[in-house]
Every structure is written in structure tokens, then in C-alpha cells.
Amino acid sequence: MNKKFSLYSKFFVTAQTIVILLMGAGLSWYFGYIVYENEKSALINRVYNIATTLDSDTISGLRGDPTDLSNPNYVYLKKKLVDLRNVNTDARFLYVLGYRPAVEKLFFYADSESPDSVDTYSPPGELYNQTTKLEIDNFLRGIAFAENPYSDDWGRWVSASAPIISSETGLPIAMVGIDIDASKLIKDIVLVSLFPFIIAIILAILFFVFHKMRMREKLNELNNVKLEFSSFMSHEIRGFVTKVKGGLRALEHEDFGILTPDQSSYVKDMIVQSDEFAELVEEFLDVGHLEQDIEMSLLMENYNILDILKRVVADIADTLHRKEISIIYEGNIPDKVYCPCDNNKMGRVFSNILLNAAKYSPEKSSIRIGYVDANTSHTIYIKDSGIGIPDSQKESMFKKFFRANNARDIHTSGTGLGLYFSKLIVEKHRGRIWYESVEGNGTTFYISLPKQ
Ligand code: ADP
């Protein structure tokens, strides 16, 4: 079969969903990146402005060791940093760093911390032990920069630094740094970047639902075509078989002349075969129709189920008569056993079970029908003395198209649909169907329907 590329194929829908989600993820990353970069440059600008408020002469007058503590320049610088921290309320602390080439490390000129806070205060001259190569490079080249967020015992931070340029030499002599709580930055990034991803998820879900609805529509269209085709075919076949049977019956009744015994038996055989053929083809063509019909609705009314059963027995009298099979009603069967059910559908169930009992039983045998009044349900049983069901096949009896080996051996025609439909119908009535059987020793089918 030529498989055409379809907009609704599973592959295409999965691919489209993945593309939508990937685009969402890509946009999320991009939006997050833009927010991150914007906030970083805003922070660099801020620290740059702070750097311009610090006088380089104040710093040139410092030695960068504990003796600075008594230096008025230090006192002035310290106060300036404390004031700046009070203004920049989101700052963890501010500091001014110098560079010590001998140890290739940055050191503190001053910071905004009180000498009492043991954890965070750095006395003048204290080395900044976590100095990175990038920080030294940026210091020496006089470049303002921001670092990626990092975590420590006090929380998550993002740092930015800007150079302080000597008014005498024009070279960087120190660097002012600020540490800011990173949670606002992270929150902004998450909020902004989540937005396109959520839109992508919503789009993917809408797309998926739309696809499902479209598939269902297509399936319904297909089903309708199938049902129309099978209705048409079963109508045509029924018409054809009726005509053939009409002719055969006329032959059987010797309307066209006396038949020899051989001819008569041949004609009888053909009548049976054409009946079986019609039943077989109709069942096959009708599968979809019936499944849909059973699924969709039952015409429930309070019926006497024994009336339905007796009507079916009358309908199949010909078949029973041909095999000289007798029906025996056993036990005390009441006249009226009312329960809510669909007359036609339950008729179909009884007909399937009774025809099977006749089909798989020897000639001149009998089929026993009985009734059990269970508390909340009525149970009808139909018992034959036919071929029975092999233990090994018992599990599959109600499966669609299943036929047991021993049944195939004695009766070549059969669809394996009768029991499948019977179970479907009975269960749709909230009832139960089951059987007991011993291979070679007959089968009893039980059908139980709720009284209410
Ligand atoms: P079909 O009779 O057309 O094959 P059914 O669905 O009615 O299909 O039955 C399925 C199978 O169950 C039959 O092929 C047969 O193997 C088994 N079966 C049903 N009823 C009986 C019975 N009364 N005795 C023995 N086997 C039966």
C-alpha cells in the first residue's frame, strides 16, 4: 500500500509537538539570557557609578595594612562605604580592593562591615584568598565586570566590580566591589523564561487535543463508510440468498417436477449451506455495526425473558427439526420472568447459544432449558450433550473470532463471533454469561440478568 505523508500521522504530530516544545525551551533560554545580561550590565553600571564617587587620592594615601586603621583617609573611606551600603539596600557589602603583585592576590583597603562582625569584616591589608585570575586581569586592565551568581553560607550572591583610576598616573589603583543578593535576579530570570515555555506547553496540549479530535472525526468518517458498505453488502447478499433459497425451496417442493431421492437430498443440503452462508457473511459484515449498536444504546423495557427465549426456540424450529433435536424445559419454570432488557438483543444472545447447542450436538439429542431464581438476578441455563469444550481452549471462548479445535473439526463453517457478541450484550445489560463444559460430554451456558 502506498503510504502517503499525512499531516495527522503519529510521527508528524509527535515531531510537531517536539518542535513546539523545543522552540519554547529555546525562547525560554533566550529570554532568560537577555534578562541575565541586562541585569548584569545594570549592576556593572551601578558599581561603575559608585567607583566615580570614590576619590583616588584618598586611596593613594593608604598603605594597605593594619596601620591604616588610624589613617584619616581610611576612616573617611570606611564611612563612605558604610553610607553607600545604607543607600544600596540590596547590597550584602561593599569593599575596596588593591592588588599585591608579590603574592598575586587582591587585598582589602576597606569594607562596609563593622569590625564587630567577625564573619564578614576584613581589616585593612587582609588578603582576599579567593582571588581569581580573571579578577586580577580585570583589575590590571581597569575593566568593570560582573561575576556569575554563586552560593556561600550566607546565601546566593552576584558580585560586580569597577576600577578606581589614579588621578596622577591614569592607571587603576584599586577596585570597588559590591555583592548583591542574587535571589531577585534568579526570580526575574525564572519568571521571564518560564513564560514562553508555559505558552509552548499550552500550545502543545491544544495541538494534541486538536489532533485527537481530528483523528476521532476521521475514524468516525471511516467507520461510517465501513458501516454503509457493510449495510449495502449484507442487503445485496441477503437479497441474493433469498432468491437462491426461493429457487431451491421450489425445487424441494417439486414445483418444477419430481426429484429423485439423490436430487432431493442434494437440494436439502444446498438449502442448509445457503442458510449457513448467509448467516456467516452477515455476521462478518455486521461486526462493526453491531459493536457500535451495542455500545451506543439498548432499548430497555420490562420483558418476560422466557417469552423471548420461546420466540427464539420457535424461530429456529427448522434447524432443530433437521437434526431431530428436542427442547426440554426442566424444573419448575415460572410463566413470567420479567426483567429490564432489550428484546432484540437478548433474542440474539439466546439464538446464538441455542444454535450453538444444536450445531455442536449430535442428531436426535436434546437441549435442556432451565431457570434459577437467584436473589437479585434471573439465571437461564441452556444445556446440551454435544462435543463440549476442550480445557485448553476454555480461556478464549468469548474472544472475537475464536473457534475451538474440536468445533472446527466437525463444523467447518462458523465465525467465532456469536459468543463474543453474546458477552458484549449481556454485560451491557449489567449481566453475566458463563459456561460449564466437559469435552465430549456437553456444555451448559448460563445467562444471568439483574432483576432491576
Ligand atoms: P461459531 O459457533 O460461529 O464458531 P461462536 O462465537 O458462537 O462462533 O462460538 C465460538 C466457539 O465456541 C465455537 O467455535 C465453539 O468452539 C465453541 N462453542 C460454543 N458453543 C458451544 C457448545 N454449545 N458446545 C461446544 N462448543 C461450543
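Residue pairs whose Cβ atoms lie under 9 Å apart, sitting 6 or more positions apart in sequence or on different chains, and linking a residue in segment 320-336 that is among the β-branched types (V, I, T) to a partner that is part of a loop (DSSP other than H, G, I, E, B), are I325/S361; I325/P362; I325/E363; I325/K364; I325/S365; I325/D384. Among the residues examined, L84 does not qualify as within 15 Å of A174 (Cα to Cα) and in contact with a helix residue (DSSP H, G or I) (Cβ under 8 Å, 6 or more places away or on another chain). Of all residues in segment 367-397, those satisfying the criterion of being part of a strand (DSSP E or B) and surrounded by 15 or more Cβ atoms within 10 Å (Cβ to Cβ) are I367, R368, I369, G370, Y371, S377, H378, T379, I380, Y381, I382, K383.
Of all residues in segment 331-369, those being farther than 19 Å from K423 by Cβ and polar (S, T, N, Q) number 4.
Scanning segment 434-447 for residues that are within 18 Å of M346 (Cα to Cα), surrounded by fewer than 21 Cβ atoms within 10 Å (Cβ to Cβ) and in contact (Cβ under 8 Å) with a residue 24 or more places away in the chain gives Y435, T444, Y446.
Out of all the residues in segment 81-113, which are free of Cβ contacts under 8 Å to residues at least 12 places away in the same chain and in contact with a strand residue (DSSP E or B) (Cβ under 6 Å, 6 or more places away or on another chain)? Residues satisfying the conditions do not exist here. Before we move on, is E324 of a type outside the set (S, T, N, Q), assigned by TED's automatic domain parsing to the domain that holds E439 and within 13 Å of the ligand (Cβ to nearest atom)? Against the criterion (of a type outside the set (S, T, N, Q), assigned by TED's automatic domain parsing to the domain that holds E439 and within 13 Å of the ligand (Cβ to nearest atom)), E324 does not qualify.
In segment 387-403, the qualifying residues are those that are modelled with pLDDT of 90 or more and among the aromatic types (F, W, Y), and the one that is farthest from the ligand (Cβ to nearest atom) is F398.
So that you can scan it fast, the table gives a plain yes or no per residue for (1) touching a His at 6+ places or on another chain (Cβ under 6 Å); (2) among the acidic types (D, E); (3) under 23 Å from Y76 (Cβ atoms):
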residue: E126; (1), (2), (3): no, yes, yes
residue: S151; (1), (2), (3): no, no, no
residue: P163; (1), (2), (3): no, no, yes
residue: L203; (1), (2), (3): no, no, no
residue: F207; (1), (2), (3): no, no, no
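The residues of segment 409-429 that are more than 6 Å from the ligand (Cβ to nearest atom) and of a type in the set (A, V, I, L, M, F, W, C), listed by number, are I410, F421, L424, I425, V426.
Please pick out the residue among N441, N356, N406 that is part of a loop (DSSP other than H, G, I, E, B), polar (S, T, N, Q) and within 12 Å of the ligand (Cβ to nearest atom). Of the residues listed, the single one that is part of a loop (DSSP other than H, G, I, E, B), polar (S, T, N, Q) and within 12 Å of the ligand (Cβ to nearest atom) is N441. Would you mind stating whether D384 is of a type in the set (D, E), modelled with pLDDT under 95 and either over 43 Å from the mean Cα position of the chain (by Cα) or more than 15 Å from the ligand (Cβ to nearest atom) (or both)? The answer is no for D384. Applying the criterion of at least 1 residues that are in contact (Cβ under 8 Å) with a residue 60 or more places away in the chain and among the polar types (S, T, N, Q) to the strands (runs of 3 or more DSSP E) found wholly in segment 114-185 leaves 155-165.
The values are calculated or read from the model by the stated rules, or taken from the named source; none is laboratory data. Model, not experiment: these values are computed from the prediction. Here the Cβ is made from the backbone with ideal geometry for all residues, glycine too, and neighbour counts use every protein chain on show.
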